[in-house]
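Colleague: My structure is below; once you've seen it, I'll send some questions.
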Amino acid sequence: MRIVVQKFGGTSVHTRELRERAVQKIKQALDEGFSPVVVVSAMGRKGSPYATDTLISLAREEFSQVEPRELDLLMSCGEIISTVVMAQALRREGLRSIALTGGQAGIITDSNFGDARILRVEPERIRKHLEEGYVVVVAGFQGVTEEGDITTLGRGGSDTTAVVLGAALEAEFVDIFTDVEGVMTADPRIVPEAQIIRGLTYTEAAEIVQQGAKVIHHKAMSVAREYRVPLRVRSLTNDGEGTIICDIKYLVERGIRGTGLRPLYSVAYRAGLAQVVIPLGEKPENKLRAFSSLAQKGISIDLINLFPDNTAFVVEEQRASLVKEILEKAGFTVTINAPCAKVSLVGFEMADRPGVMAQLVEAMQESGIEILQTGDSHVTISCLVWEKDMERAIQALHRKFQLDELC
Ligand code: ADP
Ligand code: MG
């Protein structure tokens with residue numbers, strides 16, 4: 001049996017017309033000889049009647065605190081509704097289909113409600129239905145505990161559902177259908193001339209996603225990388241090939257990548273950040289005290305610059321006041337700069353190319369954008385800017401590195 005997992009995101013199951021397109025994609029897979037497992041998200045974004053955010057506000061309207069277990073029960077409904085609607089749409093086309101909750105599909109999680117971890121997948125029931133000739137439609141973003149409580153997997157959880165099912169069923173591909181053509185050189189909503197990247201290795205895709213490109217959820221990407229599950233990110237509304245994420249060997253064999261091509265670049269971003277700057281004074285033990293006071297409270301920090309007498313780093317903006325409080329209690333004077341955004345240029349073989357930093361600084365200068373901080377790894381250079389400058393910073397980097405000429 002050749003299995004393909006096809007995931008349709010919130011913006012892809014929203015209207016009847018889009019669902020009909022999804023049905024066409026499923027039929028195509030059947031015509032190609034695949035047994036499809038379909039994973040669906042809740043329909044639409046905030047404001048839509050069955051969107052996850054709408055369900056959450058329904059509970060919060062009455063009470064500010066909702067039992068986490070019951071909040072998960074409520075939040076899981078959006079995807080369940082989608083499975084029933086999608087299974088019906090398939091039946092209308094004469095296909096056999098069956099709708100399953102995450103639990104019925106065999107996704108077993110711990111009981112960390114709201115952000116549950118998948119412990120294992122029991123794929124036997126799905127396999128049985130596939131062998132009987134059903135298209136199996138699974139509710140994304142959810143699982144069930146050993147005790148039978150419904151859990152949710154956190155934001156972007158449907159991507160994770162699709163990838164773990166792909167791994168457990170040894171699917172040939174996991175297709176992520178979305179509202180863009182694939183993984184692009186930048187978010188096309190910000191850079192209209194962004195180009196589609198036809199093929200990425202797991203390592204490359206993981207880095208782009210880690211730096212903020214939300215086209216695939218980072219947890220899903222980690223699972224795909226770990227289990228070597230080939231992913232295809234594609235558009236629901238056109239027939240392009242999209243982006244394939246797999247081993248380099250496959251990309252080279254199909255002529256998607258080869259020697260002599262330009263090193264790949266993409267610009268990713270993460271908004272909603274705060275920069276924390278603290279003078280550390282003369283005493284060397286202050287360094288440890290500053291960082292361990294945050295570690296003890298479970299606060300993760302990023303883009304860390306440490307100098308002999310001061311340090312700067314980045315936290316989520318929503319945690320900034322808590323961070324300030326903790327550090328002030330520990331005796332430090334704290335400056336918070338917010339809201340900020342981290343804009344990153346991800347490029348492979350970048351470390352071997354001199355002058356990348358100079359080009360980055362030049363791009364920012366030409367656009368009059370202040371750089372608050374920078375950081376780098378061998379494949380990434382990131383710079384922190386004010387959030388108001390974020391879009392212009394992304395556009396400036398895309399232009400400077402001529403990413404519109406990638407393909
Ligand atoms: P879905 O509802 O299908 O899961 P998401 O909104 O989670 O869709 O992800 C798709 C969005 O990711 C696109 O609409 C696009 O704005 C954004 N995005 C960010 N970076 C990139 C990138 N490098 N390439 C493509 N899309 C990107
Ligand atoms: Mg998504």
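Colleague: Identify all residues within region 125-145 that are among the small types (Gly, Ala, Ser), part of a strand (DSSP E or B) and either more than 20 Å from Leu71 (Cα to Cα) or within 15 Å of ligand 1 (Cβ to nearest atom) (or both); write none if there are none.
Modeller: Ala139
Colleague: I'm trying to understand the selection: among the residues of region 153-189, which are under 21 Å from Pro123 (Cβ atoms) and within 12 Å of ligand 1 (Cβ to nearest atom)? Give the derivation first.
Modeller: Our first condition is that a residue be under 21 Å from Pro123 (Cβ atoms); within region 153-189, this holds for 153, 157-176.
Listed by number, the residues that qualify are Gly157, Ser158, Asp159, Thr160, Thr161, Ala162, Asp175, Ile176.
Colleague: Would you confirm, using the coordinates I've provided, whether Val223 is under 18 Å from Glu172 (Cβ atoms), among the hydrophobic types (A, V, I, L, M, F, W, C), more than 16 Å from ligand 2 (Cβ to nearest atom) and modelled with pLDDT of 95 or more? It would help to see each step written out before you state the result.
Modeller: Numbers: under 18 Å from Glu172 (Cβ atoms): yes; among the hydrophobic types (A, V, I, L, M, F, W, C): yes; more than 16 Å from ligand 2 (Cβ to nearest atom): no; modelled with pLDDT of 95 or more: yes.
Judged against the criteria, Val223 is not a match.
Colleague: Further, regarding this structure: Would you call Lys342 within 30 Å of Pro284 (Cβ to Cβ), at pLDDT 95 or above and assigned to a strand (DSSP E or B)?
Modeller: Numbers: within 30 Å of Pro284 (Cβ to Cβ): yes; at pLDDT 95 or above: yes; assigned to a strand (DSSP E or B): yes.
In short, yes.
Colleague: Name the residue, out of Thr15, Thr11, that is closer than 18 Å to Ala162 by Cα and among the polar types (S, T, N, Q). Full working, then the answer.
Modeller: Details: Thr15 fails: closer than 18 Å to Ala162 by Cα.
Just a single option satisfies the conditions, and that option is Thr11.
Colleague: With the checklist (1) buried (at least 19 other Cβ atoms within 10 Å of the Cβ); (2) among the polar types (S, T, N, Q); (3) farther than 26 Å from Thr203 by Cβ in hand, flag the one item Ser367 doesn't pass.
Modeller: Every condition holds for Ser367 apart from (1).
Colleague: Going by what's in this entry, would Glu207 be described as crowded, with 19+ Cβ neighbours inside 10 Å, away from ligand 2 (no atom under 14 Å from the Cβ) and in a helix (DSSP H, G or I)?
Modeller: Here the answer is yes, as Glu207 does meet what is asked.
Colleague: Turning to a different aspect of this structure: Taking the conditions exactly as written (surrounded by 16 or more Cβ atoms within 10 Å (Cβ to Cβ) and either at pLDDT below 95 or away from ligand 2 (no atom under 16 Å from the Cβ) (or both)), does Val183 satisfy them or not?
Modeller: On the way: surrounded by 16 or more Cβ atoms within 10 Å (Cβ to Cβ): yes; either at pLDDT below 95 or away from ligand 2 (no atom under 16 Å from the Cβ) (or both): no.
Against the criterion (surrounded by 16 or more Cβ atoms within 10 Å (Cβ to Cβ) and either at pLDDT below 95 or away from ligand 2 (no atom under 16 Å from the Cβ) (or both)), Val183 does not qualify.
Colleague: Between a first residue in region 146-167 that is closer than 14 Å to Arg69 by Cα and a second residue that is within 15 Å of ligand 1 (Cβ to nearest atom) and among the aromatic types (Phe, Trp, Tyr), which pairs have beta carbons less than 8 Å apart while being 6 or more apart in sequence or on different chains?
Modeller: Cβ pairs passing all conditions: Thr152/Phe141; Leu153/Phe141.
Colleague: Moving to a separate point now. I'd like the full set of residues that are within 9 Å of ligand 1 (Cβ to nearest atom) and closer than 15 Å to Ile244 by Cα, limited to region 210-233. Explain how you work it out, then say what you get.
Modeller: Narrowing region 210-233 to residues within 9 Å of ligand 1 (Cβ to nearest atom): 212-217, 233.
Val215, Ile216, Val233, listed by residue number.
Colleague: Consider region 163-179. How many of its residues are within 13 Å of ligand 2 (Cβ to nearest atom) and surrounded by 20 or more Cβ atoms within 10 Å (Cβ to Cβ)? Give the steps one after another, and end with the answer.
Modeller: Let us first name the residues in region 163-179 that are within 13 Å of ligand 2 (Cβ to nearest atom), namely 163, 176-179.
Remaining after also requiring surrounded by 20 or more Cβ atoms within 10 Å (Cβ to Cβ): 163, 176-178.
The qualifying residues number 4.
Colleague: For region 127-140, indicate whether the set of residues that are touching a Phe, Trp or Tyr at 6+ places or on another chain (Cβ under 8 Å) and not hydroxyl-bearing (Ser, Thr, Tyr) is non-empty. Reasoning before the result, please.
Modeller: Pass one, region 127-140, residues touching a Phe, Trp or Tyr at 6+ places or on another chain (Cβ under 8 Å): none.
No, because not a single residue in region 127-140 is touching a Phe, Trp or Tyr at 6+ places or on another chain (Cβ under 8 Å) and not hydroxyl-bearing (Ser, Thr, Tyr).
Colleague: Would you mind listing the strands (runs of 3 or more DSSP E) fully within region 35-121 where at least 3 residues are within 16 Å of ligand 1 (Cβ to nearest atom)? Please lay out each step first, then the result.
Modeller: Numbers: elements: 35-40, 97-100, 107-109, 118-121.
Output list reads 35-40.
Colleague: Quick check on this structure: which one of Ile190, Ile197, Ile245 is within 22 Å of Ser377 (Cβ to Cβ), at pLDDT 95 or above and among the aliphatic types (A, V, I, L, M)? Talk me through it step by step, then tell me what you get.
Modeller: Working: Ile190 fails: within 22 Å of Ser377 (Cβ to Cβ); Ile197 fails: at pLDDT 95 or above.
After applying the criteria, what remains is Ile245.
Colleague: Here's a follow-up. On the basis of being in contact with a strand residue (DSSP E or B) (Cβ under 8 Å, 6 or more places away or on another chain) and in a loop (DSSP other than H, G, I, E, B), does Gly166 make the cut?
Modeller: Working: in contact with a strand residue (DSSP E or B) (Cβ under 8 Å, 6 or more places away or on another chain): yes; in a loop (DSSP other than H, G, I, E, B): no.
It is false that Gly166 is in contact with a strand residue (DSSP E or B) (Cβ under 8 Å, 6 or more places away or on another chain) and in a loop (DSSP other than H, G, I, E, B).
Colleague: Hey, another quick one. Out of everything in region 192-203 that is more than 12 Å from ligand 1 (Cβ to nearest atom) and not hydroxyl-bearing (Ser, Thr, Tyr), what residue ends up being farthest from the chain's Cα centre (by Cα)?
Modeller: As a first pass, look at region 192-203 and keep what is more than 12 Å from ligand 1 (Cβ to nearest atom): 193, 198-199, 201-203.
Checking the rest, the ones that are also not hydroxyl-bearing (Ser, Thr, Tyr) come to 193, 198-199.
Values: Glu193: 22, Arg198: 18, Gly199: 17 Å.
Among those residues, the one meeting the criterion is Glu193.
Colleague: Which pairs do you get when a residue that is small (Gly, Ala, Ser), found in region 209-221, comes within reach of a residue that is part of a loop (DSSP other than H, G, I, E, B) and near ligand 2 (Cβ under 9 Å from one of its atoms), reach meaning Cβ atoms under 8 angstrom, with the pair 6+ apart or on two chains?
Modeller: Once the first residue is small (Gly, Ala, Ser) and sits in region 209-221, its partners that are part of a loop (DSSP other than H, G, I, E, B) and near ligand 2 (Cβ under 9 Å from one of its atoms) give Ala220/Gly156.
Colleague: Evaluate region 35-48: report whether one residue or more is more than 16 Å from ligand 2 (Cβ to nearest atom), modelled with pLDDT under 95 and on the phi < 0 side of the Ramachandran plot.
Modeller: Checked against the condition, which is being more than 16 Å from ligand 2 (Cβ to nearest atom), modelled with pLDDT under 95 and on the phi < 0 side of the Ramachandran plot, region 35-48 yields no hits at all.
The values are calculated or read from the model by the stated rules, or taken from the named source; none is laboratory data. Quantities reported herein were computed from a predicted structural model and do not represent experimental measurements. Glycine also receives a Cβ, built like all others from the backbone with ideal geometry; neighbour counts cover every protein chain displayed.
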